[in-house]
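Inspection log for the structure reproduced underneath, given as structure tokens.
The values are calculated or read from the model by the stated rules, or taken from the named source; none is laboratory data. If you're wondering where the values come from, they're calculated on a predicted model, not measured in any experiment. Reconstructed Cβ throughout: ideal geometry from the backbone, glycine too, with neighbour counts over all protein chains shown. The accessibility values were calculated without ligands, DNA or RNA, using every heavy atom of the protein model including side chains. Shrake-Rupley method; radii C 1.70, N 1.55, O 1.52, S 1.80 Å.
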Amino acid sequence: VLQSDKVTTPFVCGLFKTRIIIPKTLEFVCDKKLLPILEHEYTHIRYFDIWIKYAMIIVLSIHWFNPLVWVMFYFVSGDMELVCDAVVTENMDNNERAEYAKLILAFASKNMEGMLMYSNLSQRNLQKRIYAIMKPDINKNKNFFSYSVFSAYITLFLVTFFIGTFPGIKGIKAAGKD
């Protein structure tokens with residue numbers, strides 16, 4: 001875990017030497033507020049989210065013109081955050097969940113310029129995250145649906161990448177060629 005005065009929100013970076021970076025300006029009343037933040041970021045490490053994000057950035061740089069790839073990036077990033085929030089809040093009571101939601105809102109209120117790779121704090125995603133944190137019982141019944149949606153994202157990701165990258169595959173003709 002590293003601290004920096006150049007960042008405004010905690011995040012994970014690095015593929016081989018993965019690090020958690022937290023802002024130096026964070027003022028914690030007690031260590032109890034730091035634990036959920038570190039657990040959230042550690043969950044990103046455990047689920048290899050940084051690898052998935054880098055792969056999506058590579059696909060975005062190749063298929064920057066494809067709106068479906070941008071939609072996929074948006075939804076997969078949001079789902080990664082929801083999964084981490086679910087892991088962190090799994091054994092919390094309602095008061096602890098409310099404190100965790102306040103922490104997320106505090107980070108969201110900070111300037112997030114240049115954090116495409118590390119952040120997914122749009123207003124819509126924030127609403128979904130806060131709702132999922134405060135209403136955990138509703139989300140537990142949707143695990144099968146969540147896994148299905150995540151599988152569909154991954155399938156869309158792979159299909160889009162391979163079809164766009166290898167236009168010479170049998171049965172697929174490049175535009176303008178007969």
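Can you confirm whether LYS17 is more than 18 Å from TYR100 (Cβ to Cβ), assigned to a loop (DSSP other than H, G, I, E, B) and modelled with pLDDT of 85 or more?
Judged against the criteria, LYS17 is a match.
Of everything in the stretch 88-113, what is modelled with pLDDT under 65 and under 15 Å from the mean Cα position of the chain (by Cα)? Give them in sequence order.
MET112
I'm trying to understand the selection: among the residues of the stretch 129-143, which are open to solvent by 40 Å² or more (accessible area, probe 1.4 Å) and at pLDDT 85 or above? First the steps, then the outcome.
Taking the stretch 129-143 and keeping what is open to solvent by 40 Å² or more (accessible area, probe 1.4 Å), we get 131, 134-135, 137-143.
Those that are open to solvent by 40 Å² or more (accessible area, probe 1.4 Å) and at pLDDT 85 or above: TYR131, MET134.
Hey, can you tell me all the residues within the stretch 27-69 that are open to solvent by 70 Å² or more (accessible area, probe 1.4 Å), free of Cβ contacts under 8 Å to residues at least 12 places away in the same chain and farther than 23 Å from LEU15 by Cβ?
GLU27, VAL29, ASP31, LYS32, LEU35, PHE65, PRO67
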